[in-house]
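Worksheet: one structure, shown below.
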Amino acid sequence: MTLTGQSLIAGQPVAGAGKTTNGFNPATNEPLEPAYTLLTEDQLKTATAAAKEAFPSFSSLDPEAHASFLEAIADNIESIGDELITRAGQETGLPAARLQGERARTTGQLRLFANVVRQGDFRGVRIDPAIPDRTPLPRADIRQRQIPLGPVAVFGASNFPFAFSTAGGDTASALAAGCPVVFKAHNAHPGTSELVGQAITKAVKDSGLHPGVFSLIYGPGASIGQALVADPAIKAVGFTGSQAAGVALMRTAAARPEPIPVYAEMSSLNPVFVFDGALKGDVDALAQQYVTAVTASSGQLCTSPGLLFAPDSELGDKLAAAVGRAIAACTGQTMLTEGIANSWNTGTASLGSADGVELIGQGTPGPTRNAPAPAIFGTGVDQFTSNHVLHEEIFGAASLVIRYTSVDDLLQAANRIEGQLTASLQLTEEDYPTAARLLPVLEQKIGRIIVNGWPTGVEVGHAMVHGGPFPATSDTRTTSVGTLAINRFLRPVAYQNLPPELLPEALQDANPWHLNRRINGDVQLATSYV
């Protein structure tokens, strides 16, 4: 496929009238061709207007055509082949195996949402039939369904060039809900974004859909990104990135004449709590598992464990020593961009110079540019609870071990933690009473609680929650991964006493879309699906 260096607006390549930008190979800091032209705010309006125009027909698409469209996107992405993996590797420094797995996750979740569309429970059909002879007052016929919000602005993430990017979870769930998408590409991997954008655009055309269903735009986040969120045609926002950028978008969305929801995934330290029982087993294996989770993908995962709480005891000393040995054997991996590597250096320098913090162990720098040596630091629970610097996320392969002396210490520290995506508990049966005291605290702070596992594997399925209280995300009620993510882009509408000729298909007595429905509060299963 040919890279054009241009935005894709409603099916057409459009050269930006603004400045240009290049992707860079983070292993060498060398620019990659082609240069990408950036849109102006006036050009951006073409994309949002097209999305608004596409909404009526796309939002009412029948389930089979809708599901087939999502599957076509997945097929088109896979048909790009090695070219996509090669370009993504050049732009991110991520190894081919990691990118191949992420591509499979991306196409897999598109197909998962196709199944959701066919099955139809997300439409939330509820029917309370009329009771004309009810006393003292009759009951009207009232029917409810979930409808799409409207065009959605989606922002690509730096650390997942596929799964949280052009056709990633936010785009897939918005399209599955029936919402056109205007996608703001991340400037760190513009070529990868264009290749996937071409695959989506082809699926739109081949499916006979309005071309405004999808647009891919390039531009500065501070101007084009803010203008996109402020545009009145946009009805919701999906974002994965820094807390500063996410909060800026939230403020813009809240200040609109018509405020809109921003579903922003931002920062998380993903604490790990190690109990006494877990330290009576293979401490070296436990330490290696922790270090592997910290250093995977150079630590550039939103679920990388940035904190580990361990007892201040002889067994805790053994764990700290084992962690020091394990991290010393690690070599730095190329980070996504020079800017991210510089931020990592600044963050670890600040952490390492904080009062009461010591270096437990550090690896060696990698052979390429922007591959700093991974590091793990240590401190006490009193220092952690009193110093806000120790609560700041460092995006990359760094973590902090906090030593606690009692369960009360642990509960105090857990209460001081901000909202997080995950918390992991390493324990045995003897630790259950202690864990039972901690769980009620974690439920108020955490989106996903894990026992005897590590947070860096995020299964894409029906029960997954990849979210959490602020600042992990902007809305603790939602998830950005899994089929429940579709609910972010829907709202309920009730229809009272509509004649059958005016009812949407999902609410008709004949049930032409074969949906499961709740009638008078009781679930009525469809006999078959389309």
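The values are calculated or read from the model by the stated rules, or taken from the named source; none is laboratory data. Owing to the predicted nature of the structure, the values given are computational and were not obtained by experimental measurement. Positions of Cβ are backbone-derived with ideal geometry, glycine not excepted, and every protein chain shown enters the neighbour counts. We work out accessible area using only protein heavy atoms, side chains counted, and drop any ligands, DNA or RNA first. Shrake-Rupley method; radii C 1.70, N 1.55, O 1.52, S 1.80 Å.
Side notes on the structure shown:
- Some residue of the stretch 146-155 being more than 21 Å from I260 (Cα to Cα) and of a type in the set (S, T, N, Q): no
- Residue match in the stretch 164-185 (condition: over 24 Å from V465 (Cα atoms) and either basic (K, R) or open to solvent by 10 Å² or more (accessible area, probe 1.4 Å) (or both)): yes
- Within the stretch 495-520, the residues that satisfy the criterion of being open to solvent by less than 40 Å² (accessible area, probe 1.4 Å), in contact (Cβ under 8 Å) with a residue 24 or more places away in the chain and either of a type in the set (S, T, N, Q) or in a loop (DSSP other than H, G, I, E, B) (or both) are L503, P504, W513, L515, N516.
- Complete set of residues in the stretch 458-493 that are free of Cβ contacts under 8 Å to residues at least 24 places away in the same chain and either aliphatic (A, V, I, L, M) or open to solvent by 20 Å² or more (accessible area, probe 1.4 Å) (or both): E459, H462, A463, M464, V465, R477, L484
- Scanning the stretch 18-28 for residues that are under 21 Å from G221 (Cβ atoms) and in contact with an Asp or Glu (Cβ under 8 Å, 6 or more places away or on another chain) turns up N22, G23, F24, P26.
Matching residues to (1) of a type in the set (S, T, N, Q); (2) modelled with pLDDT under 95; (3) over 21 Å from the mean Cα position of the chain (by Cα):
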position	(1), (2), (3)
Q198	yes, no, yes
K205	no, no, yes
G208	no, no, yes
P211	no, no, yes
L228	no, no, no
A233	no, no, yes
T240	yes, no, no
A248	no, no, no
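- Extreme residue, surrounded by the fewest Cβ atoms within 10 Å (Cβ to Cβ), among residues of the stretch 435-448 that are over 21 Å from G169 (Cβ atoms) and touching a strand residue (DSSP E or B) at 6+ places or on another chain (Cβ under 9 Å): E443
- Selection count, the stretch 139-156, where residues are of a type in the set (A, V, I, L, M) and either at pLDDT below 95 or open to solvent by 10 Å² or more (accessible area, probe 1.4 Å) (or both): 4
- Residue in the stretch 390-400 that is over 23 Å from P95 (Cα atoms) and among the charged types (D, E, K, R) present: yes
- Among the residues of the stretch 116-138, those that are touching a Pro at 6+ places or on another chain (Cβ under 8 Å) and either open to solvent by 40 Å² or more (accessible area, probe 1.4 Å) or farther than 14 Å from W513 by Cβ (or both) comprise R118, A130, I131, P132, P138.
- Residues being in contact with a His (Cβ under 9 Å, 6 or more places away or on another chain), buried (at least 16 other Cβ atoms within 10 Å of the Cβ) and more than 17 Å from A320 (Cβ to Cβ) - total across the stretch 370-417: 1
- Selection from the stretch 419-447 of residues that are within 24 Å of F160 (Cα to Cα) and not hydroxyl-bearing (S, T, Y): G419, Q420, L421, A423, I446, G447
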